[in-house]
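Below is one structure, written out as structure tokens, with a few remarks after it.
The values are calculated or read from the model by the stated rules, or taken from the named source; none is laboratory data. Keep in mind that this is a model prediction, so the values were computed, not measured. Cβ sites come from the backbone with ideal geometry, for glycine too, and all protein chains shown count toward neighbours.
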Amino acid sequence: MIDMDTRLRVARGIAKTETEASMAVFRTLKERGHPDAPPPTISDGWGGIDEAMVEVYGRVPEYGGVGRPPERKRPLPGWQYVQMVKIRKQGRVVGTKLRVIYGEAPATLELLGQSTAYVERTHATMRTFSSRLTRRTLAFSKQLCLCRAAAAWDDCYYNWARAHKSLRLECINDPLRRWQPRSPAMAAGLTDHIWTVKELLTIVVPPCLNNTQ
């Protein structure tokens, strides 16, 4: 999942199904600043994300004293989620239609826009820089831990060390250059410069590893 304004990759999920991966994403977001409700979200039409939202953020309604007590979680008011469904004809995309899953249609569409181009662009970038994610290849990860490690490194480099052309700022008082490059972390206010690989490897604290061989 990425933030549309800063292009910052804020969470990821690696699982066998899209629902399980989405649940991992929302659990991460719940720990990182969205404890009560999921952030406004737009995705493609494959499904699974709405189920993950309910599983992570939903609540079981209070029992009203009539009938059978509710047991299943339900979505809460205030959620905003839109699906962009691709219309295909003979295997080719000929159009799109928007489907508002949660939220009021006019306000939700105005907030989230009508495209998933940002997340699709970052997916293409991931496949370009990581052969493990390339389609129809033998370079896939043979172990899940290696796939997660490669994804973590790719996200770290993408957020902190890679300049994005769409985020650059025009330099007004600098005659030597026209543009100031920025990374997603700079756009999000997390740092004031583009990090080098050396900084990534020496400043970021590595996670604790098990002592088992």
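Here are some notes:
- Restricting the range 150-165 to residues that are in contact with a Lys or Arg (Cβ under 7 Å, 6 or more places away or on another chain) and not acidic (Asp, Glu), the residue that is surrounded by the most Cβ atoms within 10 Å (Cβ to Cβ): 159
- Within the range 16-51, tally of residues that are within 21 Å of residue 100 (Cβ to Cβ), touching a Lys or Arg at 6+ places or on another chain (Cβ under 9 Å) and either small (Gly, Ala, Ser) or touching a residue at least 60 places away in the same chain (Cβ under 8 Å) (or both): 2
- Being among the polar types (S, T, N, Q), at pLDDT 85 or above, more than 28 Å from residue 6 (Cβ to Cβ) and assigned by TED's automatic domain parsing to the domain that holds residue 16 holds for only one residue in 83, 90, and it is 90.
- Any chance residue 13 is in contact (Cβ under 8 Å) with a residue 12 or more places away in the chain, among the small types (Gly, Ala, Ser) and within 18 Å of residue 103 (Cβ to Cβ): no
- Within the option set 66, 54, being outside the structural domain of residue 184 (by TED's automatic domain parsing) and outside any helix (DSSP H, G or I) holds for one residue only, 66.
- Consider the range 177-203 and keep the residues that are surrounded by 12 or more Cβ atoms within 10 Å (Cβ to Cβ) and charged (D, E, K, R). The one that is nearest to residue 6 (Cα to Cα) is 182.
- Looking only at the range 64-80, and only at residues there that are modelled with pLDDT under 90 and either in contact with a Gly (Cβ under 6 Å, 6 or more places away or on another chain) or surrounded by 11 or more Cβ atoms within 10 Å (Cβ to Cβ) (or both), the one that is farthest from residue 107 (Cα to Cα): 69
- Here residue 98 clears all of (1) surrounded by fewer than 16 Cβ atoms within 10 Å (Cβ to Cβ); (2) in contact with a Leu (Cβ under 7 Å, 6 or more places away or on another chain); (3) in the same structural domain as residue 15 (by TED's automatic domain parsing) except the condition numbered (1).
- Cβ separations smaller than 7 Å between residues 6+ apart or across chains give the following pairs from the range 184-200 residues that are free of Cβ contacts under 8 Å to residues at least 12 places away in the same chain to residues that are part of a helix (DSSP H, G or I) and surrounded by 13 or more Cβ atoms within 10 Å (Cβ to Cβ): 192/186.
- Test set (1) β-branched (Val, Ile, Thr); (2) at pLDDT 85 or above; (3) not in a loop (DSSP other than H, G, I, E, B) - residue 194 fails condition number: (3)
- Residue within the range 56-74 that is within 21 Å of residue 116 (Cα to Cα) and of a type outside the set (Asp, Glu) present: no
- Residues within the range 1-47 that are on the phi > 0 side of the Ramachandran plot and either surrounded by fewer than 16 Cβ atoms within 10 Å (Cβ to Cβ) or part of a helix (DSSP H, G or I) (or both), tallied: 2
- When the residues of the range 125-139 are filtered to those that are in a loop (DSSP other than H, G, I, E, B) and among the aliphatic types (A, V, I, L, M), the one that is surrounded by the fewest Cβ atoms within 10 Å (Cβ to Cβ) is 138.
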